[in-house]
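Asks: One structure, as structure tokens, below. Some questions next.
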Ligand SMILES: *Cc1c(COP(=O)(O)O)cnc(C)c1O
Ligand code: SF4
């Protein structure tokens, strides 16, 4: 269903930068819209910042709904530190240079921004995003130098934070520098922006991106209510520019841990030309424990997907092995 709460929706003419500037970042601003416990939100906000831009806010239908849960700071983020770790996948240990993760031989993740258009409460990089980590021109050069001097790298995945939070010319500079390295065959961008702030996907941005093919973009869509006329337009622009689009959905309790919701999400993704790529089982990251579900639940949902929808709409269910072992597929028919 493509519907929207128009009451709080922002005026059409606001640019993505203006929308970002109007984001809710404090409990007092949030309290203008919803009755919240200001002290609790404040305590969480001090550790894990909040940013809810007016576009994403306009998609929230009720307090506590699946989009609210992803956006609004929750006191439970401060209560789960025992079984959880800030960096369970040992990303920091697999960083040969700052802000670059080299886990699989042929590809690296290059963290080019620490900002996001929204700070998702379930983020697996909560330890980093929005917390004043500075990615300087010098550290970017170190990353590019590492890629240039490591010929086994065939693919570079720009991630963050969100690469699309960079200005067009800055992102273009990075893409061009990497594109000039002969052994890098594929570029990929991991972004949530087409979902959480689709206004950022401007004609100018896409015109720039299409010069760097083969370029893939993976987006994180987690709920059918995130698929709107705006996000459909953003994805159409990128798909029309020949950019293959995927979704790395995260299995989240209270958001999409339900066969009907997930079926609906996957069906609507293929309609906007986004191929479901992964369904990620959540990582045991500090501050995200209240989003965790069981693997049995994930397998049950996958079996329902296989029974209901065509192959192009089915993601691969994966889990990251602790300690940096990498992603492994989970077979829904194994017990
Ligand atoms: C997930 C991930 C990748 C990309 O893996 P794909 O399976 O190719 O999508 C690369 N590096 C790291 C560290 C990752 O976590
Ligand atoms: S957009 Fe991605 S990196 Fe940023 S907070 Fe959300 S999940 Fe984390």
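FYI, it's all coordinate maths here, none of it is from the lab. Worth saying up front: this structure is predicted, and the values here are computed from it rather than measured. So basically every Cβ, Gly included, is an ideal-geometry build from the backbone, and we count neighbours across all protein chains shown.
Asks: Please compute the modelled spin-label separation between residue 270 and residue 169, points set 7 Å along Cα→Cβ, answer in nm with one decimal.
Replies: 4.3
Asks: Where does each of 155-161, 94-100 land if you order them by average Cβ count within 10 Å, highest first?
Replies: Working: 155-161: 23.0, 94-100: 17.9.
The peptides rank, most packed first, as 155-161, 94-100.
Asks: Give me the percent of DSSP beta bridges within the chain that run antiparallel, rounded to the nearest 5.
Replies: Working: 8 of 34 bridges.
Counting DSSP beta bridges with both partners in the chain, the antiparallel share is about 25 percent.
Asks: Further question on the same structure: Of the candidates 216, 104, 56, which one comes out as most mobile in a Gaussian network treatment of the chain with C-alpha springs shorter than 10 Å?
Replies: Looking only at 216, 104, 56, the largest GNM fluctuation is found for 104.
Asks: May I pose another question? Roughly how large, in nm² to one decimal, is the mean projection of the convex hull of the alpha-carbon atoms in the range 72-114? Don't skip to the end; give the middle numbers.
Replies: Values: hull surface 18.2 nm².
Reported value for the Cα convex hull: 4.5 nm².
Asks: Calculate, in nm to one decimal, what residue 149 and residue 134 gain on full extension: separation in residues at 0.36 nm each, minus their alpha carbon distance. Working shown, then result.
Replies: On the way: separation 15, 0.36 × 15 = 5.40 nm, distance 2.39 nm.
Net length gain for the segment: 3.0 nm.
Asks: Please give the peptides 304-310, 110-116, 282-288, 143-149 ranked by average Cβ packing (other Cβ atoms within 10 Å per residue), highest first, as a rough proxy for protection.
Replies: On the way: 304-310: 14.1, 110-116: 23.0, 282-288: 21.0, 143-149: 17.1.
Packing proxy ranking, top to bottom: 110-116, 282-288, 143-149, 304-310.
Asks: Using a 7 Å offset from the Cα along the Cα-to-Cβ direction at both residue 321 and residue 239, what is the distance between the two label points in nm, to one decimal?
Replies: Once both label points are built, they end up 3.6 nm from each other.
Asks: Here is a follow-up. Any idea what the alpha-carbon Rg over 2.2 N^0.38 Å comes to for the chain?
Replies: On the way: Rg = 19.1 Å, N = 335, 2.2 N^0.38 = 20.0 Å.
The reported ratio for this selection is 0.95.
Asks: Further question: If the elastic network links every pair of Cα atoms under 10 Å, which of 198, 35, 27 fluctuates the most in the Gaussian network model of the chain?
Replies: 35
Asks: Can you give me the relative contact order of the range 262-335 as a percent, contacts being Cα pairs under 8 Å and 6 or more apart?
Replies: Details: 86 pairs, mean separation 27.3, N = 74.
Rounded, it is 37 percent for the range 262-335.
Asks: Expressed as a fraction of 2.2 N^0.38 Å, the rule-of-thumb size for a compact globular protein of N residues, what is the C-alpha radius of gyration of the range 16-78? Walk me through the intermediate numbers first.
Replies: Working: Rg = 11.1 Å, N = 63, 2.2 N^0.38 = 10.6 Å.
Cα Rg divided by the expected 2.2 N^0.38 Å: 1.04.
Asks: Taking only C-alpha pairs under 8 Å that are 6+ residues apart, what is the relative contact order of the chain in percent? Each step should come with its number before you reach the end.
Replies: Numbers: 634 pairs, mean separation 57.9, N = 335.
With pairs under 8 Å counted, the relative contact order is 17 percent.
Asks: Quick one: length gained pulling residue 26 to residue 62 fully straight, 0.36 nm per residue minus the C-alpha distance?
Replies: Numbers: separation 36, 0.36 × 36 = 12.96 nm, distance 1.91 nm.
Result: 11.0 nm gained on full extension.
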